[in-house]
Amino acid sequence: LHTADMVAWGKNTLSANIASAYEALRSSGVRSRAFPERLMVDVIDPKLVESIAIIEHVGLAALEDGDLEGGAGVFYVTMAGNQQSAYIYARSSAGALGLVQFIPSTYALMAKRKELNLITDFTKGMSDPVNAIKAQIGYLDAILASMPRSPNPPGTRIPETVFNWSHKSGCVTSM
């Protein structure tokens with residue numbers, strides 16, 4: 001099954017789902033919380049959305065071995081072979097579900113945002129790839145909106161600022 005054609009078909013499937021999610025949010029005029037003067041879809045890069053979806057499902061061995069192409073290929077073949085049902089049963093030990101691996105509490109926060117027009121039921125919402133991707137886009141924008149706005153002190157690198165913010169905010173508790 002792992003052929004170049006299947007990988008290409010899987011890439012096209014994921015790209016079409018991402019494009020559908022972006023189009024739905026664009027046509028609804030959903031504004032960014034991070035940059036309210038812009039549409040959310042003009043702030044969150046679709047390549048980031050795609051990359052996170054892949055990372056959620058590529059095995060640790062592929063990352064440790066440096067075989068990212070092979071791991072991503074397996075991901076895309078799964079997308080091609082299963083289409084709209086790809087990863088709907090993928091559940092982590094933390095209860096994260098679906099293509100974008102949301103946990104129920106995080107999804108509930110996004111589902112409360114009426115402008116995202118999400119399916120309110122967690123399992124049903126995570127079983128619909130376009131719905132799940134819309135939730136992911138909303139969540140990425142919410143994270144971006146919570147990042148500090150003040151200029152970095154002289155000599156402070158961006159990664160240090162993000163590291164300090166993530167620990168202070170409770171997003172990261174250990175590394």
Discussion item. Checking Arg113 against (1) more than 17 Å from Val49 (Cα to Cα); (2) open to solvent by 30 Å² or more (accessible area, probe 1.4 Å), only one condition comes out false. Which one?
Written reply: (2)
Fill in: Number of positions in the stretch 117-146 that are more than 16 Å from Pro104 (Cβ to Cβ) and outside any helix (DSSP H, G or I)
1
Worksheet entry | Subset tally (residues that are closer than 30 Å to Arg113 by Cα, open to solvent by 80 Å² or more (accessible area, probe 1.4 Å) and either modelled with pLDDT under 70 or not in a helix (DSSP H, G or I) (or both)) for the stretch 37-80 | 3
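The values are calculated or read from the model by the stated rules, or taken from the named source; none is laboratory data. Computed from a predicted model, the values in this text were never measured in an experiment. Cβ coordinates were reconstructed from backbone atoms using ideal geometry, including for glycine residues, and neighbour counts include every protein chain displayed. Calculation scope for accessible area: heavy atoms of the full protein, side chains included, ligands and nucleic acids excluded. Shrake-Rupley method; radii C 1.70, N 1.55, O 1.52, S 1.80 Å.
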